[in-house]
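Here's the structure we're looking at; comments come further down.
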Amino acid sequence: MRRKCSNRGPRFWRCRPGKKRERHRTNEAESRRYRFKPMLPMQIAGPSPLIPGFNTMTSVPSSELTDLLQKLIKIDSCNPPGREQPVAELLARVLEQAGLEVTITRFAPERANVLGRWRSDGDGPALLLNGHLDTVPVNPDQWRHDPHAGTIEGDVLSGRGTVDMKGGLAALVMACVVLARSRIKLPGDVIFAGTAGEEVDCIGARQLLNEDLGPIGGLIVGEPTRLEVVPAHKGALWLEITTTGKAAHGSMPDEGANAILAMHQVTQRLLDYRPAYRQHPLLGPPTLNLGTIRGGVKTNVVAGRCVLEIDLRSVPGQSHEDLVADVQNVLAAVASEVPEVTASLRIQADRSPVETPLEHPLIQTALEVGQQVLGRPLRPKGMSYFSDASVLAPGLGVPTLIFGPGDERLAHQVDERTELSSVQSAARFYVALVQRFFDRNGG
Ligand SMILES: [Zn+2]
């Protein structure tokens, strides 16, 4: 079947009319894995089989959850510079009061992760719930409300991080609190990990891999998904490309070697570059964005240096090493054709794509639980952003689910806001998912 492609927007790695996409390798067997299975019969929200009397519709205290989210928004943890420690300390107090074992790991001034563990009776693998503690920076001048005031209008809470991802963070923590208060005995531990630095370098997630977490059976990341089940997201490879030429007087361009012109050659070749990839039914094609470009020092000087930053978003199956090698080949070709010019690259960020097969029990359980808790069928979808799962999923070798409240299209935006009812739904979902996961995994 011919795949429909948009020719609008950036041309990189999209289909062009009349051009064969011979390098797009489609693996039919892989595609088949993603064909949707029929939904399970509708289940009615009601008492959970594991926590006596727990009702998925009513048992997460909404005022407590709203209060926690508001407190989180009032703490400025914009990154850079980070300063996640006060967020970690707030969550540590909440988790400790509920009876979890809590540790705070500080790894730089004002930078910290927080870990809460609800101990089980059994020795089965744990379920790891993860959310990041930092947010992107904010310019308050453009906002309707103070982005750190936690303003509520009806069901909507505004503020930096409401979507990405303090809403999900509050819901994950409240789910742990509800489970702990119920004194439920599970066959494996429930671990909450609040990580620093996701918005810049995933430093907290990398730090978390140094901890002795014990065996982990699954990872749930509470990034915003509009309450949809996300088994896959793209990876990111950020490259800084530098061309170096020879400066000269602007009136005598032949005396120099123009680094901007060389970079123009680089961008032209990147436009024509078609990386190999397998079509992914949830993620679409890989993309490339030219993020920033800086070159030259003055109008009347031949530019001796030009720097371009590019953002490649990869799909599962693509090797970042291969992508880097391909871009290096582009640079080598330009350097060999343009006299007196050199070209080099530096890797700024390297985040893996994440993928868990649809048929995996974690994803199937999430679809069941979602239908039960939200009262509607859920369809799996993919996300083009990356998350701490890019570090944690390959680092721990675990199946991964991304699920959270909030509309990801409002993340990093002016007037970022989320519906409190969706945060509440996410918390109920997490509570039910934890129980059903352990029920299925040797409870
Ligand atoms: Zn995020």
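Keeping all protein chains in place and using 1.4 angstrom, which order do Phe403, Phe386 fall into by accessible surface area, from largest down? The partial results should precede the final answer.
Numbers: Phe403 0, Phe386 30 Å².
Listed by decreasing accessible area, they come as Phe386, Phe403.
Can you tell me the 0 to 90 degree angle between the C-alpha axis of helix 320-337 and the longest principal axis of the chain, rounded to 10?
With rounding to tens, the tilt is 10 degrees.
Using modelled amide H (1.01 Å from N, peptide plane; none on Pro or chain starts), what sits under 5 Å from the amide H of Asn130, excluding residues fewer than 5 places away?
Long-range HN contacts for Asn130: Ala193, Ile220, Val221, Gly222.
Calculate how large, on average over all directions, the projected area of the Cα convex hull of the chain is; give the answer in nm² to one decimal.
Values: hull surface 95.5 nm².
Seen from a random direction, the Cα hull of the chain projects 23.9 nm² on average.
For Thr151, what accessible surface area do you get with a 1.4 Å probe? Give it in Å², rounded to 10.
Near enough 40 Å² of accessible area.
Among residues other than Arg106 whose Cβ falls under 11 Å from its Cβ, what is the net charge (Lys/Arg +1, Asp/Glu -1)?
Residues near Arg106 contribute -2 overall.
Need one word for segment 345-443: rounded, prolate or oblate. Basis is the Cα gyration tensor (sqrt eigenvalues a ≥ b ≥ c); a/c below 1.5 gives rounded, then a/b vs b/c decides.
Oblate, because a/c is 1.5 or more while a/b does not exceed b/c.
Would any residue of segment 228-245 have its amide N under 20 Å from a label point 7 Å out along Cα→Cβ of Leu271? List them or say none.
Under cut-off, by backbone N: 241-243.
From largest accessible area down, sort Met263, Met252; use a 1.4 Å probe on the protein chains.
Met252, Met263
What is the local net charge at Gln97, summed over the other residues whose Cβ is closer than 12 Å to its Cβ (Lys, Arg +1; Asp, Glu -1)?
Result for the local shell: 0.
Run the accessible area of segment 151-299 with a 1.4 Å probe and give the carbon-and-sulfur part as a rounded percent.
51 percent
Under the Karplus relation 6.51 cos²θ - 1.76 cosθ + 1.60, θ = phi - 60°, what is the ordered set of whole-Hz ³J(HN,Hα) values for segment 81-91, x standing for Gly and Pro?
Rounded to whole hertz, the list is x, x, 6, 7, 4, x, 5, 4, 5, 4, 5.
For every other residue with a beta carbon closer than 14 angstrom to the beta carbon of His145, add +1 if it is Lys or Arg and -1 if Asp or Glu, then tell me the sum.
That works out to -1.
Using θ = phi - 60° and the Karplus relation 6.51 cos²θ - 1.76 cosθ + 1.60, list the HN-Hα couplings for segment 148-156 in order, rounded to whole Hz, with x at every Gly or Pro.
Going residue by residue, I get 10, 9, x, 5, 10, 10, x, 9, 10 Hz, with x marking Gly and Pro.
So who's got an amide H within less than 5 Å of the one on Gly404, skipping anything under 5 residues away but keeping other chains? H placed 1.01 Å off N, in plane.
Thr225, Arg226, Leu227, Glu228
DSSP beta bridges in the chain, what fraction antiparallel, as a percent rounded to 5?
Antiparallel bridges make up about 70 percent of those DSSP assigns within the chain.
May I ask you to evaluate 6.51 cos²θ - 1.76 cosθ + 1.60, the Karplus curve with θ = phi - 60°, for each residue of segment 248-262 and list the ³J(HN,Hα) values in order in whole Hz, giving x for glycine and proline?
7, 5, x, 7, 10, x, 5, 6, x, 10, 7, 5, 5, 4, 4
Tell me the per residue accessible area of segment 235-351 using a 1.4 Å probe; a whole number in Å² is fine.
About 47 Å² of surface per residue is accessible.
Can you list residues from other chains, or at least 5 along the same chain, whose modelled amide H is less than 5 Å from the amide H of Gly150?
none
The values are calculated or read from the model by the stated rules, or taken from the named source; none is laboratory data. Predicted model, so just to flag it, every value in this text is computed and none were measured. Here the Cβ is made from the backbone with ideal geometry for all residues, glycine too, and neighbour counts use every protein chain on show. With ligands, DNA and RNA removed, areas are computed over all heavy atoms of the protein, side chains included. Shrake-Rupley method; radii C 1.70, N 1.55, O 1.52, S 1.80 Å.
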